[in-house]
């Protein structure tokens with residue numbers, strides 16, 4: 001540092017050799033139980049509409065759109081998602097080859113290596129399954145290992161208890177609440193912020209891989225929970 005640039009004020013740690021990261025691509029990510037593929041109206045909309053109908057209206061409480069009474073309005077939402085800058089994925093059950101959910105990489109900030117997982121819509125056929133955990137693992141692995149991002153975010157309505165619980169189970173750290181962050185469906189939304197950063201990824205990765213291993217299941221039931229595995233690694 002040049003003499004004129006010296007300061008007695010505290011500074012953040014140097015990020016050596018940092019360059020802007022690539023923007024997420026619309027690619028296929030293969031797992032053992034599920035496959036993530038770019039969301040497509042013609043390929044996925046009807047299947048997803050039918051899958052979500054089994055969940056009822058409560059599924060849409062904390063989502064800006066929905067619930068949808070007919071497939072045409074739902075297709076319009078999928079069209080908008082596909083056309084947006086966000087990178088949306090359908091989650092496909094490899095056993096049935098049917099899409100059972102979706103999520104996306106949004107608010108991408110390649111210059112700083114930050115991206116958020118959002119618009120998480122899991123049908124009853126996906127919720128609380130091995131596929132659901134594997135889908136999150138595949139997307140995180142892509143962000144941290146392929147794109148080399150530094151920060152992976154999760155945000156949810158502060159009243160969305162299920163989303164808060166899921167974030168913590170997956171390894172996200174709670175960072176705080178942004179009060180009156182939005183107006184959603186005419187109501188106030190306080191937003192909880194969570195994140196995983198790059199130096200935490202290795203622990204998260206090992207926990208996911210041990211949890212997903214065949215040795216951790218007996219007749220389809222987990223032997224050890226993901227939080228317990230991660231705590232043992234820390």
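The values are calculated or read from the model by the stated rules, or taken from the named source; none is laboratory data. In this text, all values refer to a predicted model and were calculated from it rather than measured experimentally. Note that we place each Cβ from the backbone using ideal geometry, even for glycine, and neighbour counts take in every protein chain shown.
To keep it simple, each residue is scored yes or no on (1) surrounded by fewer than 12 Cβ atoms within 10 Å (Cβ to Cβ); (2) in contact with a helix residue (DSSP H, G or I) (Cβ under 8 Å, 6 or more places away or on another chain); (3) in a helix (DSSP H, G or I).
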| position | (1), (2), (3) |
| --- | --- |
| 9 | yes, no, no |
| 45 | no, yes, yes |
| 63 | no, no, no |
| 79 | no, yes, yes |
| 90 | no, yes, no |
| 103 | no, yes, no |
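Would you call residue 200 surrounded by fewer than 19 Cβ atoms within 10 Å (Cβ to Cβ), in a helix (DSSP H, G or I), in contact (Cβ under 8 Å) with a residue 12 or more places away in the chain and more than 13 Å from the chain's Cα centre (by Cα)?
Yes, satisfied.
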Count of residues meeting criterion [touching a residue at least 12 places away in the same chain (Cβ under 8 Å) and more than 23 Å from the chain's Cα centre (by Cα)] in segment 203-215: 0
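Listed here are the residues, each with its yes/no results for (1) at pLDDT 95 or above; (2) over 30 Å from residue 184 (Cβ atoms); (3) in contact with a strand residue (DSSP E or B) (Cβ under 6 Å, 6 or more places away or on another chain).
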residue: 4; (1), (2), (3): no, yes, no
residue: 9; (1), (2), (3): no, yes, no
residue: 26; (1), (2), (3): yes, no, yes
residue: 32; (1), (2), (3): yes, yes, no
residue: 35; (1), (2), (3): yes, yes, yes
residue: 38; (1), (2), (3): yes, no, no
residue: 43; (1), (2), (3): yes, no, no
residue: 57; (1), (2), (3): no, no, no
residue: 61; (1), (2), (3): yes, no, no
Can we say residue 186 is buried (at least 20 other Cβ atoms within 10 Å of the Cβ), on the phi > 0 side of the Ramachandran plot and at pLDDT 95 or above? no
